[in-house]
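Just below is one structure, and these are the notes that go with it.
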Amino acid sequence: MRDGTIVVAGASLAGLRGAEALRDRGFSGRLILVGDEPYRPYDRPPLSKHVLTGEVAPGATTLPGVGRLEAEWRLGTAAAGLDRAGRALRLADGTTLPFDRLLIATGARARPWPKADEARLAGVHTLRGRDDAAALAADLSARPGRVLILGAGFIGCEVASSLRAVGLPVTVADPGPAPLARALGTVVGGFVAGRMAAAGVDYRPGTRVTHLEGAGGRVRRARLEAGGTIQADLVVVALGALRNTGWLAGAGLDADEGGLSCDGACRVLDAAGRPDDAIFAAGDVARWPHPLYGGRPVALEHWGNAVAQAAHAARAMLDGPEAAGAYAELPAFWSSQFGLNIKSLGLIEGADAVAVAQGSPRTGRFLAVYGRAGRTVAAVSINAGRWLPAYEAPIRDGAAFPPITGAADQPRLRSLPPGLPGPRGASGARP
């Protein structure tokens with residue numbers, strides 16, 4: 001396919017890079033990008049960092065390459081429905097866009113505070129998009145007496161780091177046992193907890209908030225399940241994300257808040273598990289069988305995955321699924337917080353062992369490698385990114401755990417349980 005009409009539902013990173021890949025691979029037909037926000041695609045990582053510290057304005061986060069893309073833009077209007085039989089995308093303004101191919105890249109949204117009346121209190125924020133960051137930054141400019149962050153995942157920790165950098169008092173309440181425990185486990189998370197404490201964060205592990213209470217329409221405190229309250233003039237709800245799949249209701253696809261299922265060629269799957277040759281998915285919204293992890297379904301919210309999967313989907317759309325092959329990009333992410341540069345390769349979920357393989361937490365520079373059933377599945381570096389590339393091949397090959405021994409700057413290897421929480425719901429990780 002080199003002409004006709006391709007519609008991209010979702011005008012963020014994956015949508016933009018997918019559209020660029022289509023043009024780069026020779027698609028000369030009509031290309032339409034649909035986005036629910038009124039902005040051209042922008043970069044999200046700065047929102048929890050430089051935008052909150054005032055170093056970067058929300059409007060200065062537009063992604064490079066937007067201006068050169070030869071496409072039609074339908075911004076400020078969300079996708080509202082899908083007519084698979086008629087090959088048409090329905091928009092919230094009543095418009096219908098026929099397509100020959102459709103790329104779904106609608107991403108995810110922040111999980112809101114579950115009590116709607118409390119979520120509407122002034123001073124209660126989530127952080128996902130550009131408007132969220134602008135609203136939060138405006139509230140922070142009033143120098144609140146205490147900011148409460150609900151959740152110690154990556155967004156919660158990055159926001160806490162940014163707020164401490166500008167001198168604001170911060171409390172982090174998290175039902176988990178350590179920061180980033182769900183992503184990295186308690187062994188590495190415990191190290192991050194020490195950095196949070198050194199930065200002056202009031203960190204409360206094992207703390208469940210049940211209610212947000214206000215006065216005069218503004219949030220004033222959080223009530224705890226175990227009794228007592230935490231006073232706060234501003235609350236950031238950082239409880240994870242929900243995939244934007246609700247608009248697909250009635251389309252007969254295998255989709256829920258955990259993602260839109262697709263095959264290795266990024267073709268979406270219907271409720272019976274059959275691929276649709278005209279509809280593809282990429283980025284945060286996509287859930288696919290990863291060949292490096294036994295074909296188990298994986299959904300990632302990683303910047304690099306959005307770029308790589310969008311390019312893979314574009315190839316499959318134009319050249320066919322056989323030519324594209326199975327998408328097998330090694331998961332990778334990074335985070336910057338509390339003076340730490342955290343980088344990861346592989347999937348830590350399901351790991352049953354971890355070992356510090358390079359450096360030492362005592363020095364603040366180390367690499368931890370993760371194993372599952374005796375095989376290497378992931379590695380995380382803390383201020384030690386130069387060591388990480390050596391572990392890529394062992395992770396891809398499923399090498400015996402630990403994969404590297406006798407290396408320079410390597411401590412005595414000691415395998416520990418990584419301290420990963422159980423599935424959501426079993427660990428009480430949601431309010």
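The values are calculated or read from the model by the stated rules, or taken from the named source; none is laboratory data. All values derive from a computational prediction rather than experimental measurement. Every residue, glycine as well, gets a Cβ built from its backbone with ideal geometry; the counts of neighbours run over all protein chains shown. Just the protein is used for accessible areas: all its heavy atoms, side chains included, with ligands, DNA and RNA removed. Shrake-Rupley method; radii C 1.70, N 1.55, O 1.52, S 1.80 Å.
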Just the accessible area per residue of the chain, please: how many Å² with a 1.4 Å probe?
40
Could you tell me what a quarter of the Cα convex hull surface of region 112-239 works out to, in nm² with one decimal place?
7.3
Give me the percent of the accessible area of region 112-239 that comes from carbon and sulfur atoms, probe 1.4 Å, all protein chains in place.
51
Classify region 49-187 as rounded, prolate or oblate, taking a ≥ b ≥ c as the square roots of the eigenvalues of its Cα gyration tensor: rounded when a/c is under 1.5, otherwise prolate if a/b is larger than b/c and oblate if not.
prolate
Classify the chain as rounded, prolate or oblate from the Cα gyration tensor: take a ≥ b ≥ c as the square roots of its eigenvalues, call it rounded if a/c is under 1.5, otherwise prolate when a/b beats b/c and oblate if not.
oblate
How far is the Cα center of region 98-173 from the Cα center of region 177-242, in Å?
13
State to the nearest 20 debye the size of the charge dipole of the chain about its Cα centre, where the only charges are +1 on K and R beta carbons and -1 on D and E beta carbons.
1020
What is the mean projected area of the alpha carbon convex hull for region 339-397, to one decimal in square nanometres?
3.9
Subtracting the Cα-Cα distance from 0.36 nm times the residue separation, let me have the gained length for GLU322 to THR363 in nm, one decimal.
9.9 nm
Determine the dipole magnitude for region 112-239: charges of +1 sit on the beta-carbon of Lys and Arg, -1 on that of Asp and Glu, nothing else is charged, the reference point is the Cα centre, and the result goes in debye to the nearest 20.
100
Using a 1.4 Å probe and counting only protein heavy atoms, arrange ASP254, ASP24, ASP174, ASP409 so the residue with the most accessible area comes first.
ASP24, ASP409, ASP254, ASP174
For region 370-391 and region 313-331, what is the separation of their Cα centres, given in Å?
26
For 308-321, 92-105, ranked highest to lowest by mean beta-carbon neighbours within 10 Å, the order is 308-321, 92-105
